[in-house]
Amino acid sequence: MDEIVAEFIRRTLLKIPAVDILKILKIWNFLPESQLETIKLHQCKESLSQDVVELCQKKRTSMKEAAILDIIYHQTCPNRKIWTVYEMTKFPGEEVDLSDMEEFKDSFKKILQRNLRNVHVSFRDSEDNAVWIRIAWGTPHMKPNQYKTTYVVYHSQTPFVFICHCRIKRYIPELCQALMTAGSYHKIRQMELRSLYLDSLKAIVFKQYNQDFEICYLTPLQKRNFETEIVDPRIIHENIKEKERIQRVTQETFGDCVQPRLEFAQYKLETKFKTNSKKGILVEREEPFRCLVKFSSPHLLEALKSLAPAGIADAPLSSLLTCIPHKAKNYFTIREK
């Protein structure tokens, strides 16, 4: 086995959480079960990875198999990269192409390799009827760098493509061209929607999270249960109607489902100085004033959902905050009309 392949497998294994190594190796299905049983899982990861590399050397593993192992790792741990959503469109009136996924793969690979001399492309299907594409980029005079890769997730017969952050941005036009041609689309645009959480991005663009809900009020039984919690009869619960209103408005806005997980929302504001006076330094300024506001949280939409019930914000919240999943974007630019 090539030393470059051996080192790549070793580094890939070191990235995998220890509890997931055996599971990923079984999914890889390259090493037989009898050999996997000989691996000592309770040793340090460096020694464990070296044992696996020795088994791979006996089977003369190629970069093709090693790339599949890397894809499986990212499928198992997808929340380690920033994913950006792209949307492709067809000509008006053109129907969705029902071509086979194998045709898409073959066409995509041929187009990319024709436009770029040194590029390594790998595919692996996932359980949700999507294909994962791994692309290692090279240069006209250098082989593909297996550590500078781009990952693409494409769901057949949908216009949406999920692309991880590409460190070699100059290849994005070639990548987009290959996606459009292979998928029979004529245009592609980058949506203002990014996150670490690939499943949440899918839930937003595919409208998979539950938006149907019933408006709930506190029932008489709930009121009685709340009142029984008050031991001292001199203590009364104030603003019960206001709390009912906040609960109703919050459910009308967010529903009663768990929100898709996003970790930030960014707002750019552009405004011009306005005054009736014709004097002053800022009067002749043609450039607008700009500022940037960024909201961040481990689970931003759930945090926004809890603001009004917690008494931190008034209900309803600004539509600029609540429209994130409906508009499928978490990057906003606000300009004066």
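(1) modelled with pLDDT of 85 or more; (2) in contact with a strand residue (DSSP E or B) (Cβ under 8 Å, 6 or more places away or on another chain): which one isn't true of Pro298, the others all being true? Here Pro298 clears every test but (2).
Residues that are at pLDDT 70 or above and farther than 30 Å from Pro159 by Cα: list the helices (runs of 4 or more DSSP H) wholly contained in the range 184-286 that include at least 3 such residues. Step through it out loud before you land on a result.
Details: elements: 198-205, 220-228, 240-254.
Helices (runs of 4 or more DSSP H) meeting the threshold: 240-254.
Looking at the range 126-155 only, could you name the residues that are of a type outside the set (A, V, I, L, M), within 16 Å of Asp199 (Cα to Cα) and touching a residue at least 24 places away in the same chain (Cβ under 8 Å)? Talk me through it step by step, then tell me what you get.
The initial filter retains those residues of the range 126-155 that are of a type outside the set (A, V, I, L, M), namely 126-129, 132, 134, 137-141, 143-151, 154-155.
Those left that are additionally within 16 Å of Asp199 (Cα to Cα): 126-129, 132, 151, 154-155.
Within the range 126-155, Ser126, Asp128, Asn129, Trp132, Tyr151, Tyr154, His155 meet the criteria.
Please give the number of the condition Phe30 fails out of (1) buried (at least 19 other Cβ atoms within 10 Å of the Cβ); (2) closer than 21 Å to Phe123 by Cα; (3) of a type outside the set (Ser, Thr, Tyr); (4) free of Cβ contacts under 8 Å to residues at least 60 places away in the same chain. Evaluating Phe30 over (1) buried (at least 19 other Cβ atoms within 10 Å of the Cβ); (2) closer than 21 Å to Phe123 by Cα; (3) of a type outside the set (Ser, Thr, Tyr); (4) free of Cβ contacts under 8 Å to residues at least 60 places away in the same chain leaves (1) as the failure.
The values are calculated or read from the model by the stated rules, or taken from the named source; none is laboratory data. Source: prediction; values computed, not measured. So basically every Cβ, Gly included, is an ideal-geometry build from the backbone, and we count neighbours across all protein chains shown.
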